[in-house]
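Worksheet for the structure shown next.
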Amino acid sequence: MRPGWTVVSLPLLAGCGSTNGASSSFEPKRTPAPGARPAVKKELPWLNVPGGRMRTTLFYGPWQCRREFMNDCQRQCAREGHPLKGCMWLADLKFDWEGQLILLPIPVEGGSRYGIYHCCCDYPALLPEETTSRRREWERIRKSFRQSWSEKFGVWPSSGNKAWPGHHIRDLWHSGDPVDPNNVFPAQPDVHDLYNRVYPACYAGQPPWNTTGPDVPYTDH
């Protein structure tokens, strides 16, 4: 912590997360589980916001869902009438903020984390042509979506001149909304490929996605 700085807690930012499961993640004081490994991460450039500046850091799983997320998925799947098959904790978004209080001319800093997870309810799969139609809908707005996302959270990441893919949290094959801003986030290409490989196991109720994992499954250094 910088001398003379005060740590404050920031609220979660609107427009980020998943309609299929997203919430405030763990407090920094919690200790990672034994054997936790450093997460793949991407730190975005600082973004000027009212009263200061903000930086977004993405930490990528997938990890087993912590108990809080698994419980939420059980409730969600029950409401929708589709039994829960598994839960996948996809990523954490960490927000750091620096600025000044409006009423007091003193510098402050704060932050929050936002866990993104997917509930693998027993959703019926769409026909291939239906999935293709949804993917085309996403492709039509992809460029403008990335620009809008960048204005809120920092520049959409890329490798060289190629933008990272947008990952649909509730996948298009299982009726995920292709253009919902709460259903898409940038994923490192290798991580995105991994997501696509392990989603079928989650929907099939296979381990480890059908069991609860630790509260803090990774280190962020």
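Listed values, structure above:
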| item | result |
| --- | --- |
| Residue match in region 114-130 (condition: over 24 Å from Arg75 (Cα atoms) and in contact with a Phe, Trp or Tyr (Cβ under 6 Å, 6 or more places away or on another chain)) | no |
| Selected residue (criterion: surrounded by the fewest Cβ atoms within 10 Å (Cβ to Cβ)) from residues of region 189-207 that are among the hydrophobic types (A, V, I, L, M, F, W, C) and farther than 16 Å from Lys85 by Cα | Leu194 |
| Check on Val179, touching a residue at least 24 places away in the same chain (Cβ under 8 Å) and within 25 Å of Lys85 (Cβ to Cβ) | no |
| 1 or more residues modelled with pLDDT under 50 and not charged (D, E, K, R): qualifying strands (runs of 3 or more DSSP E) within region 1-69 | 6-9, 22-24 |
| Index of the failed condition, Met88 passing every other in (1) part of a loop (DSSP other than H, G, I, E, B); (2) in contact with a Cys (Cβ under 8 Å, 6 or more places away or on another chain) | (1) |
| Only listed residue being among the aliphatic types (A, V, I, L, M), open to solvent by less than 40 Å² (accessible area, probe 1.4 Å), closer than 29 Å to Pro189 by Cα and touching a Gly at 6+ places or on another chain (Cβ under 6 Å), chosen from Leu44, Leu58 | Leu44 |
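The values are calculated or read from the model by the stated rules, or taken from the named source; none is laboratory data. Note that the coordinates shown come from a computational prediction; the quantities given were computed from them, not determined experimentally. Virtual Cβ from ideal backbone geometry, glycine too; neighbours counted across all protein chains shown. Side chains are part of the model used for accessible areas, which takes the heavy atoms of the whole protein and leaves out ligands, DNA and RNA. Shrake-Rupley method; radii C 1.70, N 1.55, O 1.52, S 1.80 Å.
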